[in-house]
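Rule-based calculations on the coordinates, nothing more; no lab input. These figures come from a predicted structure and were not determined experimentally. Quick reminder, even Gly has a Cβ in these numbers, built from the backbone with ideal geometry, and neighbours come from all protein chains shown.
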Amino acid sequence: MRPSFPRRDILWWCDSCHAPVLARVCSHCSTRTREVQVTPPGDARPAFPADVAQVNRVYSEHFGEPLIPPGHLALLNKVPDQDRMDEIIVGGGVVGSLKYLPAESRWEPIPRPEASVFLKPRRKYVVVDNGAVPSIQHEGASVLAPGLLEIEPSISRGDEVFVLDEERVVVAVGRAKVDASSAVSMERGAIVRTRRNVHSICTRGEATWDDAVRASAGALEDREAEALSFIRDVAARNPLPVNVSYSGGKDSLATLILVKKALGVVPLLFADTGLEFPETYQNVEEVSRTFEMPVIRAYGGEAFWKAFVTRGPPAVDFRWCCRTAKLQPVEKVIREYWGECLSFIGQRKYESFRRMVSKRVWRNPHLRSQLSAAPIHHWTALQVWLYLFREQAPYNPLYKAGLDRIGCFMCPSSDVAVLRHIEKTHPDLWQGWNCRLEGWQKEEGLPDTWVGEARWRLKGVSSEEDNNC
Ligand SMILES: [Zn+2]
């Protein structure tokens with residue numbers, strides 16, 4: 001069963017250094033940190049400049065003010081939703097979310113009352129009589145017509161709104177039940193349905209990611225030491241040729257750095273599906289050069305397109321691609337080079353609910369010749385990032401451009417929000433894929449919505465939640 005309660009014991013905040021911390025005490029200033037409760041699986045990551053810009057654009061368009069102030073560190077935490085939703089953590093508390101509405105192809109800001117620590121709404125707010133405040137704040141009552149003093153004229157039914165008291169202090173957030181134009185003439189009835197949230201503490205203060213690395217220095221050293229001894233131990237127990245499975249993503253980069261420190265230079269095994277981003281190919285080269293580790297490439301592109309002709313595109317619940325374009329070519333290379341091998345892989349349990357129960361050393365039943373081990377199994381995304389920042393590692397620039405996970409560019413398990421983003425940032429790549437989809441749509445006599453509304457991603461019933469190959 002999925003846990004729905006806030007996840008504890010993975011993220012803290014230092015109110016003196018204004019940075020997230022991976023431990024109960026800040027390594028930089030030695031003060032006790034404050035726990036941040038995030039929604040499971042709780043794999044919060046740094047908000048990069050493109051992420052901050054996106055959050056601020058959506059909040060500005062709706063509320064007339066950006067949410068994340070300049071110089072403040074922010075984290076994003078992906079939470080379960082119909083398509084894409086990220087919790088936004090600023091100043092050590094959850095201040096709201098950003099939700100993608102695939103049917104409307106747009107992002108919606110969903111603030112929490114704590115957003116008011118960083119944002120004074122200029123649009124989409126209502127002002128209520130102070131007498132109505134206690135029941136709204138403590139009992140979760142709706143804003144009713146009799147208690148309404150002012151309603152900002154641009155409010156439409158269904159809008160997210162802030163509720164202010166007579167002194168213009170935010171007392172609640174919620175969703176408008178009516179348009180502003182109808183609300184002004186109403187004598188009774190609900191104007192805003194308010195929302196109750198877990199309360200967060202938020203403090204203002206600027207910091208850099210280098211400050212965050214310093215604040216977590218002790219935790220990073222401890223985790224690194226544990227991972228190094230795990231790698232040495234697994235290698236000693238399994239005397240097989242060793243490699244690192246490198247995908248161009250952050251997790252495999254952290255794994256590679258750890259393996260090099262523990263065992264020295266080993267080859268990088270790159271599963272090239274032929275569907276990687278150009279930035280990924282460049283990153284594989286750059287990383288190989290920087291760490292002086294040779295690349296062994298397993299190419300699955302031809303097999304993918306051959307299979308496409310008879311099967312059509314892979315879907316969330318029909319993912320033939322992973323075995324065809326990745327596992328089989330990798331198996332072939334392993335047999336060719338080593339017969340059998342030990343691969344260190346950047347798999348982490350916080351990536352998904354399914355990964356929570358996965359093992360740290362395992363054999364894939366479809367790839368028996370590879371013994372896999374995950375040195376960073378217990379690491380969170382934030383930990384991986386702080387480690388990469390500390391090591392000044394050459395990570396894939398796609399992360400800075402607003403992608404939080406990197407694999408095949410057209411992965412059917414990606415959210416629609418992500419696919420739309422890629423369509424904009426990599427139009428040529430996307431156009432090529434679209435042509436293939438349109439060809440299949442025509443051949444099979446499928447409706448236009450199949451490509452237009454990204455329905456190709458779902459063949460039947462969606463059952464797969466783990467979007468990692
Ligand atoms: Zn501190």
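General remarks:
- Relative contact order for the stretch 216-457, counting Cα pairs under 8 Å that sit 6 or more residues apart, in percent: 23
- Label positions at residue 290 and residue 104, each projected 7 Å from the Cα along the C-beta direction, are separated by 4.0 nm.
- The orientation-averaged shadow of the Cα convex hull for the chain, equal to a quarter of the hull surface, comes to 23.8 nm².
- Local charge for residue 105 was computed over the other residues whose Cβ lies under 14 Å away, with Lys and Arg +1 and Asp and Glu -1, and equals -1.
- Taking amide H atoms as placed 1.01 Å from N in the peptide plane, the amide H of residue 178 lies under 5 Å from those of 158, each 5 or more residues away in sequence or on another chain.
- Stretching residue 378 away from residue 318 to a fully extended chain increases their span by 18.7 nm, per 0.36 nm per residue minus the current alpha-carbon distance.
- Length added when fully stretched, residue 34-residue 222, from 0.36 nm per residue minus Cα-Cα: 65.7 nm
- J(HN,Hα) series, the stretch 47-55, from Karplus relation 6.51 cos²θ - 1.76 cosθ + 1.60, nearest Hz, glycine and proline x: 7, 7, x, 5, 5, 4, 4, 5, 4
- Pairs from 250/349; 250/326; 250/332; 400/424 whose Cα-Cα separation, in the structure shown, is over 24 Å: 250/332
- With q set to 0.10, 0.20, 0.22, 0.24 Å⁻¹, the log10 of I(q)/I(0) for the stretch 96-212, from the Debye formula over equal scatterers at the Cα positions, is -0.32, -1.08, -1.25, -1.43.
- Karplus (6.51, -1.76, 1.60) ³J(HN,Hα), θ = phi - 60°, over the stretch 119-132, in Hz, Gly and Pro reported as x: 9, 10, x, 9, 9, 6, 9, 10, 10, 10, 4, 4, x, 8
- Gained length - residue 181 relative to residue 206, 0.36 nm times residue gap less alpha-carbon distance: 4.9 nm
- Ranked by how many other beta carbons lie within 10 Å on average, peptides 356-362, 69-75 from highest: 69-75, 356-362
- Whole-Hz ³J(HN,Hα) from phi, Karplus 6.51 cos²θ - 1.76 cosθ + 1.60, for the stretch 376-392, glycine and proline x: 9, 3, 8, 7, 8, 4, 4, 4, 4, 5, 4, 5, 5, 5, 4, 7, 6
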